[in-house]
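Please read the structure below before turning to the comments.
The values are calculated or read from the model by the stated rules, or taken from the named source; none is laboratory data. This structure is a prediction, so every number in the text was calculated from the model and none was measured. In this analysis, Cβ positions are derived from the backbone assuming ideal geometry, glycine residues included, and neighbour counts consider all displayed protein chains. In case anyone asks, the SASA skips ligands and DNA or RNA and just uses the protein heavy atoms, side chains included. Shrake-Rupley method; radii C 1.70, N 1.55, O 1.52, S 1.80 Å.
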Amino acid sequence: MPDALTGLELRSTVSGDGRLTLHLEPVTLPAPGPDEVIVRVEAAPINPSDLGLLLGPADMTTLAAAGTPDRPTLTAAIPPARMGMMKARLDQSLPVGNEGAGTVVQAGENVTALLGKKVGMIGGAMYAEYRKIAARDCIPLPDGASAADGASMFVNPLTALSMVETLRMEGHKALVHTAAASNLGQMLNRICLADGVPLVNVVRSAAQAAILRELGAKYVVDSSAPDFREQLTDAIAETGATLAFDAIGGGRLVNAILHAMEAAANRNATEYSRYGSSTFKQAYIYGALDLGPTELDRGYGFAWGVSGFLLTPFLIKLGMEGNMRLRARVAAELTTTFASHYTATIGLAEALDPARVAAYARKATGEKYLIDPTR
């Protein structure tokens, strides 16, 4: 029987008095069950989807460090107006990190073939030195791939692939994607180029537009340009896009996209309808880079829909066979189509440094941080 392993795990707690606390907690993992493994975590990305649990709605200007260099703690105040959404997690010490990769150091009797292998994994609690997990939630990395290569093989790749799957399932011809110069956006661009899916990339600066054009994107529209609405409508008219995935959330960008879709649909209209075109337009909001309200003026007829999109419910709907198909593609194209690039690699203690937190909490395009708990 293998010995139990003890390692540090990053935890996030919201207290009833409106304070966020981050700390490193020792956790002892008993030997794995027959179908489980214990992985030494060597790489785990900080995704926007992780920050909601890690930092919650805390005010980043109130960050305060304490503790020791090896066992730091970090606190921040949560504005009273934001505490209502925290009721279900009050005073719970919650592990963080959706996905990661590392080396299998212990394996149950039914999965001994994984012992010593590098694997990517998903299932939460990845910001830790060790992670016990069901073997079914691991994917062996291709020969020569590093833990950093496999750390981001689930959330962004499967989300990007799910966007194209949604397009096919719902019968759309092309799609629009916002915050398109992001790590996920660049993956989606590569997928669409390979699969022949027309993609309208919406970015927020000329520099971001240049990044995508260098990667071969045909349709790139800069929302900061004075003729943004005209360029967007032209691109949608040319591609026939009636589906959008929005990472911004707040503001009027989704509204502008729906207007452009309606204007494109009406370019070839032969008769007027006071109800707008019959072309159905669908926008999915899957991110919250802007935490403000989503503003819709409904000036695009009645054939439209706006809803949220989460990866896990979609994968459940897709079914096991579909999931395995997507995972197999990610593994086969891990260092090409689904390659991720990182601004910096930091250790667990460094992840609680106020300057580092301020940097990765910005969620800036082109900046992605990786945690290596072995540092």
query: Any residue at all in region 313-325 that is without any contact (Cβ under 8 Å) to a residue 24 or more places away in the chain, out of contact with any Leu (no Cβ under 7 Å at 6 or more places or on another chain) and closer than 20 Å to Gly52 by Cα?
result: yes
query: Going through region 274-301 one residue at a time, which ones are surrounded by 12 or more Cβ atoms within 10 Å (Cβ to Cβ) and more than 21 Å from Ser224 (Cβ to Cβ)?
result: Gly276, Ser277, Thr279, Phe280, Lys281, Gln282, Tyr284, Tyr286, Leu296, Tyr300, Gly301
- request: For region 362-375, enumerate the residues that are touching a residue at least 12 places away in the same chain (Cβ under 8 Å) and either surrounded by fewer than 17 Cβ atoms within 10 Å (Cβ to Cβ) or closer than 20 Å to Pro26 by Cβ (or both).
  value: Gly366, Glu367, Ile371, Asp372, Pro373, Thr374, Arg375
- request: Go through region 58-74 and give me each residue that's more than 21 Å from Arg89 (Cβ to Cβ) and of a type in the set (D, E, K, R).
  value: Asp70, Arg71
message: So Ala241 ticks every box in (1) assigned to a loop (DSSP other than H, G, I, E, B); (2) touching a helix residue (DSSP H, G or I) at 6+ places or on another chain (Cβ under 6 Å); (3) open to solvent by less than 10 Å² (accessible area, probe 1.4 Å) but one. Which box is left unticked?
response: (2)
Those residues of region 326-358 which are closer than 19 Å to Leu167 by Cα and either of a type in the set (A, V, I, L, M, F, W, C) or exposed (fewer than 14 other Cβ atoms within 10 Å of the Cβ) (or both), in sequence order: Leu326, Val330
